[in-house]
Amino acid sequence: MIVLESDTAKGLFDLFLKTKKAFIADKKIMDKNDNHSYPIKETAFNIPNNWTWCYLSDLSIIQEGPGIRKYQYENEGIQFLTVTNILEGSVDLNKSKKYISISEYNNKYKHFTIDKGDIVTACSGGSWGKSSFYNLDDKIILNTSTLRLRFFNDLGVNKYLYYLTKTSYFKGNLSSHSTGQQANYGYSHYSKIPIPLPPLTQQKQIVAILDKAFVAIDTAKANAEQNLQNAKELFESYLQNVFSTKGDDWEEKTLGEVLQKTETVNPKSTPNNEFIYLDVSSVNKETKLIEKTTTLLGKDAPSRARKLVKTNDIIFATVRPTHSRVAIITDEYNNQVCSTGYYVLRPKNIIENHYLFYFILTFGFNKLMESMQKGASYPAVNNKEVESVVINFPKSIKEQQKIVERLDSLSTETKKLEAIYIQKFADLEEMKKSVLQKAFSGQLNTKN
């Protein structure tokens, strides 16, 4: 039986090193003088005896994008990749469409063309680490904060390398080389990552197993996401129906007619007093609870800290896209201040504050707020427009409270379902990590 070099990890690695030297000689890649030392002594985990550890730059092209400037942008031509285009597991060229001229492409940037089968990744900023296997036919090039990987001469299975970029090990190793406050990675960082290299046959087996596992996990995640969305929509549909169906002995008034006047204050007038300040991000839009606050002296109060809030007031953000941030003020925040980016609702005794709170949550109210927003740089709704909104409600406070009790009950059940689906989603993510860890430490059931 003839044993090819690629049939063993050591033989395959030797082929990689020969190919890298040939690439450098042919000027297909630059000689970066990595000077890697083998065998690699310190490794993150154990691998099978018939595998070997290698540095990424001895196996793969690691190409960073050029720095194309705004003055070079064109309305058409050759599109270049941005971090916005790179999603976890796919590339969406419609997310960001930026181009350079065909002449510039031909003269300067042709060698940055992304090939089908490349692994493309975001390598800086808050989205660093996102990676995708590029399988589109569109001609596109790299640009700033993007990078591509590919085994030399496709000697290895590129999808094996792609799955490796998804592991906690790979991302953790990369981040360990970070030196600045903001993540910004390039060749010098990627080249230092040790890679577990199995024989070619096992790479193919691992990819086949991961493909099958990821399809099953992604299907389960999609089902969990849909169930979560269904639970939310069920509550929102019921909520909308309550406020759009006027019952017997109900009243119709504007918000201005059912609200008391609220106060504005100037904390700077009492510079030594402490205030709890609620800015427009203080309310968690998912839980409708106040989570982020700042305690400050009056002299340190920002110019937007002007609205006084009291227990049982309702606040909602009038600024896009934060208008879904709604909360009821608890005793903890009584006589404190919130940003002028909030509208403060203090109901008169004809309407129950929790009833009003649920009205602010309705899809109809939020769509109305969106349609009323004005301003290019800071789109918001003014007070008069909020006060003009019409609300229907039972004249009886007891009837309002009954409605609130039903909504509270349904809200509680919906949140329980949401918690179940969110946990399911988290469990599936952990399953992915576990499968990946087993795959790259040789613990999957593959044939030798």
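The values are calculated or read from the model by the stated rules, or taken from the named source; none is laboratory data. This structure is a prediction, so every number in the text was calculated from the model and none was measured. Counting neighbours? That spans all protein chains shown, and the Cβs are built from the backbone with ideal geometry, glycine included.
Annotations
- Residue pairs meeting the criteria (Cβ under 8 Å; at least 6 apart or on separate chains; first in the same structural domain as Ser324 (by TED's automatic domain parsing) and charged (D, E, K, R), in the range 356-385; second outside any helix (DSSP H, G or I) and at pLDDT below 90): Glu370/Arg320; Glu370/His323; Lys374/Ala380; Lys374/Val381; Lys374/Asn382
- Residue within the range 105-127 that is assigned to a strand (DSSP E or B), without any contact (Cβ under 8 Å) to a residue 40 or more places away in the chain, over 30 Å from Phe13 (Cβ atoms) and assigned by TED's automatic domain parsing to the domain that holds Thr165 present: no
- Some residue of the range 133-152 being at pLDDT 95 or above, assigned to a helix (DSSP H, G or I), closer than 21 Å to Tyr55 by Cα and assigned by TED's automatic domain parsing to the domain that holds Lys32: yes
- Search result, residues across the range 53-96 that are assigned to a helix (DSSP H, G or I) and among the basic types (Lys, Arg): Lys70
- Residue in the range 187-207 that is of a type in the set (Val, Ile, Thr), surrounded by fewer than 17 Cβ atoms within 10 Å (Cβ to Cβ) and under 26 Å from Gln443 (Cβ atoms) present: yes
- Hey, Gln400 surrounded by fewer than 17 Cβ atoms within 10 Å (Cβ to Cβ) and either on the phi < 0 side of the Ramachandran plot or among the acidic types (Asp, Glu) (or both) or not: no
- Scope the range 297-333; condition more than 16 Å from Asn266 (Cα to Cα) and among the polar types (S, T, N, Q); matching residues: Thr311, Asn312, Thr318, Thr322, Ser324, Thr330
- Evaluating Ser281 against the criteria (1) farther than 19 Å from Phe365 by Cβ; (2) exposed (fewer than 12 other Cβ atoms within 10 Å of the Cβ); (3) hydroxyl-bearing (Ser, Thr, Tyr) leaves one unmet condition, (2).
- Qualifying residue in the range 401-414 (condition: closer than 22 Å to Tyr238 by Cβ, among the basic types (Lys, Arg), in contact with a strand residue (DSSP E or B) (Cβ under 9 Å, 6 or more places away or on another chain) and modelled with pLDDT of 90 or more): yes
- Strands (runs of 3 or more DSSP E) lying entirely in the range 275-377 (those with 2 or more residues that are over 25 Å from Ile391 (Cβ atoms)): 294-297, 305-309, 336-339
- Matching residues, the range 155-180, being modelled with pLDDT of 95 or more and either farther than 19 Å from Leu210 by Cα or not assigned by TED's automatic domain parsing to the domain that holds Asp14 (or both): Leu155
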